[in-house]
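Peer 1: Shown below is the structure under consideration.
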Amino acid sequence: MNFKLSQMPDRLLKPRTNGITMVMDKGLSVEEAKNFLSVSYPHVDIIKLGFGTSFVTPNLEEKLKVYRSYNIPIYFGGTLFEAFLIRNQFEDYIAVCKEYGISFMEVSDGSITIPHAEKCGYIEKLTQHGTVLSEVGSKDAAHIIPPYKWIELMRAELNAGATYVIAEAREAGNVGIYRGSGEVREGLVQEILTQIPSEKIIWEAPQKAQQLYFIELIGCNVNLGNIAPTEMIALEAMRVGLRGDTFHLYLNKETIL
């Protein structure tokens, strides 16, 4: 940090397994990736190349090289995994990840239906090739999953070998753990947390109000995902109480003016 302030929260430092921030790259150029990391690299833990953008991104290898130069893990969005799977190209997916040096992989079923035992089987197979993140929840806003089912799915996928489970929200933050308006389904989130450790969940939270909710609920070391590159520094400031929304969160009321 650039200077010293008292009464700051105990923000875990990299490399960390809790309090991580996953950034969603939806199509940055190589130069934009360099500029983004020149400012934000101390705070970025994982970078996701959103949905299937890696298939159509020019100079993909060059951009991956930029991210690797900062020792930040990269993975392809779960939609790409599903695109390979629905075409019966699971082994090709593994080969592509190996070809591009991708050791983090996301298993999701937000766009296609996969029997859950089969999904867990894919998680188990991919753990032989790297770190697996599994996404729970549908991209279909009309598909409402009850809390007990979220818990059941998350627990099974962690047991299958997923390092983290990702709570689905899409890049807009308007499905899954959120209502169409972007409002948090608070009862769902709090019920999930009665059974699943918070350090094993990455909450997709692209909107500021969503980020604030989880920081207030879980603390500065909550795992957050689908963060826009341009919002990284602002999010980190909010995590540690240096943005208006969280300004009073960590202050001792008896010692301040």
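The values are calculated or read from the model by the stated rules, or taken from the named source; none is laboratory data. What you see is a predicted model, and the numbers here were worked out from it, not measured in a lab. Quick reminder, even Gly has a Cβ in these numbers, built from the backbone with ideal geometry, and neighbours come from all protein chains shown.
Peer 1: Give the residue that is nearest to Leu217 (Cα to Cα), with candidates limited to residues of segment 194-204 that are within 17 Å of the chain's Cα centre (by Cα) and surrounded by 12 or more Cβ atoms within 10 Å (Cβ to Cβ).
Peer 2: If we filter segment 194-204 for residues that are within 17 Å of the chain's Cα centre (by Cα), which is where we start, we get 196-204.
From the residues that got through so far, the ones that are surrounded by 12 or more Cβ atoms within 10 Å (Cβ to Cβ) too are 196, 198-204.
On the way: Ile196: 15, Ser198: 10, Glu199: 13, Lys200: 15, Ile201: 14, Ile202: 14, Trp203: 12, Glu204: 15 Å.
Selected residue: Ser198.
Peer 1: Going residue by residue through segment 148-163, is there one that turns out to be of a type in the set (Ser, Thr, Tyr), in contact with a helix residue (DSSP H, G or I) (Cβ under 7 Å, 6 or more places away or on another chain), within 30 Å of Gly101 (Cα to Cα) and touching a residue at least 12 places away in the same chain (Cβ under 8 Å)? Give the derivation first.
Peer 2: Just the residues of segment 148-163 that are of a type in the set (Ser, Thr, Tyr), to begin with: 148, 163.
Imposing the further condition that a residue be in contact with a helix residue (DSSP H, G or I) (Cβ under 7 Å, 6 or more places away or on another chain) reduces the set to none.
Taking every residue of segment 148-163 in turn, none turns out to be of a type in the set (Ser, Thr, Tyr), in contact with a helix residue (DSSP H, G or I) (Cβ under 7 Å, 6 or more places away or on another chain), within 30 Å of Gly101 (Cα to Cα) and touching a residue at least 12 places away in the same chain (Cβ under 8 Å).
Peer 1: Do you know which residues across segment 15-25 are among the charged types (D, E, K, R) and either touching a helix residue (DSSP H, G or I) at 6+ places or on another chain (Cβ under 6 Å) or surrounded by 15 or more Cβ atoms within 10 Å (Cβ to Cβ) (or both)? Give the steps one after another, and end with the answer.
Peer 2: The initial filter retains those residues of segment 15-25 that are among the charged types (D, E, K, R), namely 16, 25.
Listed by number, the list holds a single entry, Asp25.
Peer 1: Is one or more of the residues making up segment 229-236 under 17 Å from the mean Cα position of the chain (by Cα) and under 30 Å from Ala156 (Cβ atoms)?
Peer 2: No.
Peer 1: I'm trying to understand the selection: among the residues of segment 92-109, which are under 19 Å from Lys65 (Cβ atoms) and among the hydrophobic types (A, V, I, L, M, F, W, C)? Steps first, answer last, please.
Peer 2: Keep residues of segment 92-109 that are under 19 Å from Lys65 (Cβ atoms), which gives 96-104.
Within segment 92-109, Val96, Cys97, Ile102, Phe104 meet the criteria.
Peer 1: Within the set of pairs 6 or more residues apart or between chains, which connect a residue that is more than 19 Å from Ile102 (Cβ to Cβ) inside segment 24-52 to a residue that is in a helix (DSSP H, G or I) and of a type in the set (Asp, Glu) with Cβ atoms less than 7 Å apart?
Peer 2: His43/Glu236
Peer 1: OK, next. Go through Ile202, Ile196, Ile227 for me and flag whichever is farther than 22 Å from Ser40 by Cα and touching a strand residue (DSSP E or B) at 6+ places or on another chain (Cβ under 8 Å).
Peer 2: Values: Ile202 fails: farther than 22 Å from Ser40 by Cα; Ile227 fails: farther than 22 Å from Ser40 by Cα.
Testing whether each residue is farther than 22 Å from Ser40 by Cα and touching a strand residue (DSSP E or B) at 6+ places or on another chain (Cβ under 8 Å) leaves just Ile196.
Peer 1: Here is a check on your reading of the model: is Glu191 touching a helix residue (DSSP H, G or I) at 6+ places or on another chain (Cβ under 7 Å), farther than 19 Å from Ala228 by Cβ, surrounded by 22 or more Cβ atoms within 10 Å (Cβ to Cβ) and not basic (Lys, Arg)? Even if it seems obvious, please write down each step before you answer.
Peer 2: Values: touching a helix residue (DSSP H, G or I) at 6+ places or on another chain (Cβ under 7 Å): yes; farther than 19 Å from Ala228 by Cβ: yes; surrounded by 22 or more Cβ atoms within 10 Å (Cβ to Cβ): no; not basic (Lys, Arg): yes.
Here the answer is no, as Glu191 does not meet what is asked.
Peer 1: Among the listed residues Gly110, Gly121, identify the single one that is out of contact with any Cys (no Cβ under 6 Å at 6 or more places or on another chain), among the small types (Gly, Ala, Ser), at negative phi and surrounded by fewer than 16 Cβ atoms within 10 Å (Cβ to Cβ). Reasoning before the result, please.
Peer 2: Numbers: Gly110 fails: surrounded by fewer than 16 Cβ atoms within 10 Å (Cβ to Cβ).
Checking each option against the conditions leaves just Gly121.
Peer 1: Scan segment 8-27 for residues that are assigned to a loop (DSSP other than H, G, I, E, B) and either at pLDDT below 95 or under 20 Å from the mean Cα position of the chain (by Cα) (or both) and jot them down. It would help to see each step written out before you state the result.
Peer 2: So the first thing to find is which residues in segment 8-27 are assigned to a loop (DSSP other than H, G, I, E, B), and the list is 8-20, 26-27.
Selection gives Arg11, Leu12, Leu13, Lys14, Pro15, Arg16, Thr17, Asn18, Gly19, Ile20, Lys26, Gly27.
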